[in-house]
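The values are calculated or read from the model by the stated rules, or taken from the named source; none is laboratory data. Keep in mind the model is a prediction, meaning the values are calculated, not measured. Please note that ligands, DNA and RNA were not included when accessible areas were found on the heavy atoms of the full protein model with its side chains. Shrake-Rupley method; radii C 1.70, N 1.55, O 1.52, S 1.80 Å.
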Amino acid sequence: MSTDIATPRPATKRLPVTVLSGFLGAGKTTLLNHVLSNREGLKVAVIVNDMSEVNIDAALVKHGDAALSRTDEKLVEMQNGCICCTLREDLLKEVARLAGEGRFDYLLIESTGISEPLPVAETFTFEHADGSRLGDVARLDTMVTVVDAANFLDDYQSVDALADRNLALGEEDQRDVVNLLVDQVEFADVIVVNKTDLVSAKKLESLEAVLRSLNASAKIIRAVRGQVPLSEILDTRRFDFDKASAAPGWMAVARGEELPETTEYGITSFVYRARKPFHPERLYQFMTNRKLTSQLLRSKGFCWIVTRPKWVALWSQAGRVMELSPRGVWWADVPQEQWPDDPVERASILANFEGEFGDRRQELVFIGQKLDEPAIRAALDAALMTDAEMTGGPAVWSKIHDPLPEWPTPESVSVGN
């Protein structure tokens, strides 16, 4: 097959890099082997990251259909850790070393199934004390996420933590399966929907609509056994850090953009805004109302809870997992001498101020299938403090029963929203 991939790299050019992400069993190694089997003479270095003592994925790369030449190519095995955390410094060193050798035309990084793509991408922007960056010698070209067409939707509706599946990095790793899936999809330039031969056309269309609702700008490619045109994942020049950070579907909705190719599958979205705080008990009732929340595929934003007046509360829901966590404190509670000096940033902060409560507000994005928007809006409105309740003031508000999980003191976190 013709691959239309780059010609060998001149030594003076930065080494292009494609990162393969995706949950366990999605088919990343199968895709990697496909690339290596069809690389048409390109000298390819490979970094394989695996959490186990015995790096099975690396063994497949070395002994499968795409065995690597020890003279022309290099396989770096990174074991007992995850690229996105404990091995991040090692990743930086390995990529810099491989790029510095000038012998390779391309670098492929296969991250472990529980790795988040964002920290991997950030590695290329990290600046050393001498001012040098990995991005000076290597160019992050494409972030690819491989999705298991047969299992993604089931995993998306799971409430399992990684620890429940014996996948956590340690006791401190409290991540949920669904939030990891969302992180991997939302930061992708290209989403390879693999194993499409194992699902019906209807399920495949529904899956792709869900993926599009999570990431409005990524290119979605269907695949069987990881076979995709190499021109779609190598030397695409698709990656842009700022664009990738702003790509998630919920952010597109917040900006007032339409989510493409979703309405025909019953997937719609809306933004909820209000200038009154939530009553914590009624907010808790909304969050545990499965009749309403079961319609939601993704919701995210920030909110103001009356019993926690300093907090910018980050609202994040994916599938059946819904969380509220502290993001920082409202700018209204930050002395102006601690605000940014840049006049544009200060103007941006002030643009969100209104009335006596400053920038405190509700701003939430909801994306779902067959959403009953009027019912959800009505339930959220009912969860707000009433005019009568607001007259009580902070002394009364602080005595309201709050069933939400406790958070640390606002002084221990960052400022601003």
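Note: region 264-403, Cα convex hull, 124 Å³ per residue.
How many percent of the accessible area of region 272-358 is carbon or sulfur, using a 1.4 Å probe?
Working: 1960 of 4170 Å².
Accessible surface attributable to carbon and sulfur in region 272-358 totals 47 percent.
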